[in-house]
Amino acid sequence: MITRDSRVKDLMENPIARDVIGRLVQYAGVSESLILNPVVKNLKLSAIPKFAGKSIRDADGVIDTMIDLFNQEEGTKPVSPSDNKAWWKEAVIYQIYPRSFMDGNNDGVGDIPGIIQKLDYLHDLGVSALWLSPIFDSPNDDNGYDVRDYRAIMEEFGTMADVETLITELHNRGMRLILDLVVNHTSDEHEWFVDSVQNPDGKHGDYYIWRRTNGNTPPNNWNSFFSGPAWEKVDERDEWYLHLFSKKQPDLNWENEDVRDDVCAIIDFWRNKGVDGFRLDVINYISKTSLSDGNETLGGLLGFTGIEHYFYGKHLHEYLHEMRTRSFKDMFTVGETPGTGPEMNKLLTADGREELNTLFNFDHLENLGKSRFDDYRYNLNHLKSCFIGYESDYANYAWPSVFVENHDNPRMVSKIDTREEYRDAIAKLLAVLLLTARGTVFLYQGQELGAVNVPFHDISELRDIESVNRYDAMLSGGASEAEAWKTVLRGTRDHARTPMQWSAGKFGGFSEHAPWIRVGDKDECNVDSQQQDENSVLSAYRALILLRKEHAALVYGAFTPFEPKKQDVFCYFRDDGDERFYIEVNLCSRTIHRPKPHGETEMELVFSNYLAQDDAMQPYEANVYRVQKR
Ligand code: TEU
Ligand code: CA
């Protein structure tokens, strides 16, 4: 057990402490050797505040909060390595944002019949499963991440019969369906919440997290991810409810057994319909360890006040294990878990623990110390160091997911380099990294075309609640319209949410009706033209997916980096004993020296994002070679 008398060196034995220290070290930009320095190593935790002096506000509070967190895993056995095979480890999963994928009935909103129309396209691309962002009945405060009825289909998206057809049509093609389960919160229009408001003593009275305070201050200082406080007062109950996201997304009270029974019943319902798995929205937030004030210092560091009380709550493992054994059984699960670190992630996903199959870690999406709304160019050396972390030690114990895009992030190509002449090369470079990685690959719609950010003109063109709230909050905070717009435009999730570009036709072939959100650069970038072009980004994705399917070494093979310390270049081998591959990637826009691994003379180039190789590596050049085994 860790106490205030423990010494810094004792922390390295504790999995959570290792993650937290790892993160602090990264953010503070200090080297790990500082912590291993003999003086620091022997410091008692209680002495840190004195050392840190005024630089850490409320350092005592930070330390107590941390000690509680560390002791959560006291006595947990370390996980053992695993090399089991599974369909989902080999899968390339394609994420669809249904509102923007294909409009089957020309009302401007994408739908399930639209997806069914495009199944042959997806099958030809080679993807093994689809993950659909939420399709359940919802008032759409957060585009379906606010569910009103988990057993009904959003009217705009179609009917239950459409979903049943989709499942059959996918299964006929040997493909699978993964739904998005949002159960950290519901919509405030869900019947549980409506009843909870009206009947505090009834069955649903305790389904949400309600607290009473004297007066008009919320129960604690936690922030909502969508701006403002995380609490909303309801006069009818004279109480506040917790909402980590918008006020139309009240958090469920997972400590109530009936809530967990109801969640299991929802999972059973969809399992019986033939769904193959779930992506679990912010699933690491379901257990709130306490409702005490968040530490403001940590809040500043982690981006949101209060997060230490719920990003790795004390019942998290227990609830996940319960859902797995009661309902998920052998269905696939991928947890969305913002903020957890590698040691926690091993505990959440190791095969033998029966919790999640894999999870989304977001560390690689932004450079250290940067957030999505900051003004900076993404440096690919960071992606390299994250990938080395996931692929090396971590993947021996737990199976990573690999991805660079989803519906919550601007397009990766635009983060890296906005120069048009490099667009295709970068898009293909990303395809190489993803499809030669040890992990389950997730692609986001449009990524296979090399989609880039959208030049929105002003706030009236944005639809996302996060962007709109942030813009308003900045204006109320005194920012000018121009400043607020510049910031929001950089990070808006709407960059990824514009209609899929099927053709250069009106509205990009997505619909005949003006879509719910504007269309991007459909004339330059669309499926029709890329289908015809064997050098297109689309053709590159198709070729690399096929290559991965045909060579197990690219899925399960050991990952060995070559000269990992060298900047601006990323080289590695994948080897499963039968076959060996060598991948080399230029991470920058300069021409660089090509590293030459010794003793690997006979290499056959099987993929390149350039038509011809040179002695030097060209900007963003990425190659895959098959190494002849002797
Ligand atoms: O996202 C959770 C999350 O923490 C963030 O990615 C979030 O979108 C934002 O970046 C906060 O600053 C999930 C979903 O993917 C997202 O679309 C939902 O809005 C959110 O949960 C709430 O359900
Ligand atoms: Ca429609």
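Structure above, values below:
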quantity	calculated
So SER224, is it within 16 Å of ligand 1 (Cβ to nearest atom), farther than 23 Å from TYR150 by Cα and crowded, with 17+ Cβ neighbours inside 10 Å	yes
Matching residues in segment 267-311 - criterion: being away from ligand 1 (no atom under 14 Å from the Cβ), of a type in the set (Ser, Thr, Tyr) and either touching a residue at least 40 places away in the same chain (Cβ under 8 Å) or under 21 Å from ARG372 (Cβ atoms) (or both)	THR289, SER292, THR297
Segment 185-215, residues that are surrounded by fewer than 22 Cβ atoms within 10 Å (Cβ to Cβ) and within 16 Å of ligand 1 (Cβ to nearest atom)	GLU189
Cβ pairs under 9 Å, 6+ apart, first in segment 45-74 and farther than 19 Å from SER290 by Cβ, second at pLDDT 85 or above and of a type in the set (Asp, Glu)	LEU45/ASP5; LEU45/ASP10; SER46/ASP5; ARG57/GLU296
Residue identified as in contact with a Ser or Thr (Cβ under 9 Å, 6 or more places away or on another chain) and more than 16 Å from ligand 2 (Cβ to nearest atom) among LEU475, LEU462	LEU462
Output for segment 163-216, where each listed residue is in a loop (DSSP other than H, G, I, E, B) and among the hydrophobic types (A, V, I, L, M, F, W, C)	MET175, VAL182, VAL183, ILE209
In segment 318-330, the residues that are crowded, with 21+ Cβ neighbours inside 10 Å and without any contact (Cβ under 8 Å) to a residue 40 or more places away in the chain	LEU320
Residue count for segment 607-617, restricted to those that are surrounded by 15 or more Cβ atoms within 10 Å (Cβ to Cβ) and in contact with a strand residue (DSSP E or B) (Cβ under 7 Å, 6 or more places away or on another chain)	4
Qualifying helices (runs of 4 or more DSSP H) (wholly inside segment 1-119; at least 3 residues being hydrophobic (A, V, I, L, M, F, W, C))	15-28, 32-36, 48-52, 59-71, 112-117
Residue check, GLU32 farther than 30 Å from LEU449 by Cα and not β-branched (Val, Ile, Thr)	yes
Segment 151-164 residues that are in contact (Cβ under 8 Å) with a residue 40 or more places away in the chain, paired with ones that are polar (S, T, N, Q) and near ligand 2 (Cβ under 10 Å from one of its atoms) (beta carbon under 9 Å, 6 or more apart)	GLY158/ASN105
Residue ID - nearest to GLY174 (Cα to Cα), chosen from residues in segment 98-128 that are out of contact with any helix residue (DSSP H, G or I) (no Cβ under 8 Å at 6 or more places or on another chain) and surrounded by fewer than 24 Cβ atoms within 10 Å (Cβ to Cβ)	HIS123
Long-range neighbours under 8 Å by Cβ, at least six apart or interchain, first residue under 16 Å from ASP206 (Cα atoms) within segment 218-240, second surrounded by fewer than 18 Cβ atoms within 10 Å (Cβ to Cβ) and β-branched (Val, Ile, Thr)	TRP240/THR213; TRP240/VAL234
Residue match in segment 384-405 (condition: among the β-branched types (Val, Ile, Thr), surrounded by fewer than 23 Cβ atoms within 10 Å (Cβ to Cβ) and in a helix (DSSP H, G or I))	yes
Selected residue [over 25 Å from the mean Cα position of the chain (by Cα) and of a type in the set (Val, Ile, Thr)] from ILE465, ILE426, ILE459	ILE459
Selected residue (only one of ARG490, ARG497, ARG470 is within 16 Å of ligand 1 (Cβ to nearest atom) and in contact with a Pro (Cβ under 8 Å, 6 or more places away or on another chain))	ARG490
Within segment 493-523, considering residues that are without any contact (Cβ under 8 Å) to a residue 24 or more places away in the chain and within 16 Å of ligand 2 (Cβ to nearest atom), the one nearest to SER133 (Cα to Cα)	VAL519
Qualifying positions in segment 454-465 - crowded, with 21+ Cβ neighbours inside 10 Å and within 16 Å of ligand 1 (Cβ to nearest atom)	LEU462, ASP464, ILE465
Hits in segment 340-392 (condition: hydroxyl-bearing (Ser, Thr, Tyr), closer than 23 Å to GLU322 by Cβ and out of contact with any helix residue (DSSP H, G or I) (no Cβ under 9 Å at 6 or more places or on another chain))	none
Pick from segment 105-162, criterion acidic (Asp, Glu) and closer than 19 Å to GLY508 by Cα, ranking: nearest to ligand 1 (Cβ to nearest atom)	ASP111
Matching residues, segment 135-159, being within 16 Å of ligand 2 (Cβ to nearest atom) and not in a strand (DSSP E or B)	ILE135, SER138, ASN140, ASN143, GLY144, MET154, GLU155, GLU156, PHE157, GLY158, THR159
Residues of segment 120-134 that turn out to be within 16 Å of ligand 2 (Cβ to nearest atom) and either on the phi > 0 side of the Ramachandran plot or among the small types (Gly, Ala, Ser) (or both), as a count	1
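The values are calculated or read from the model by the stated rules, or taken from the named source; none is laboratory data. Owing to the predicted nature of the structure, the values given are computational and were not obtained by experimental measurement. Using ideal geometry, Cβ is built from the backbone for each residue, glycine included, and neighbour counts are taken over all protein chains shown.
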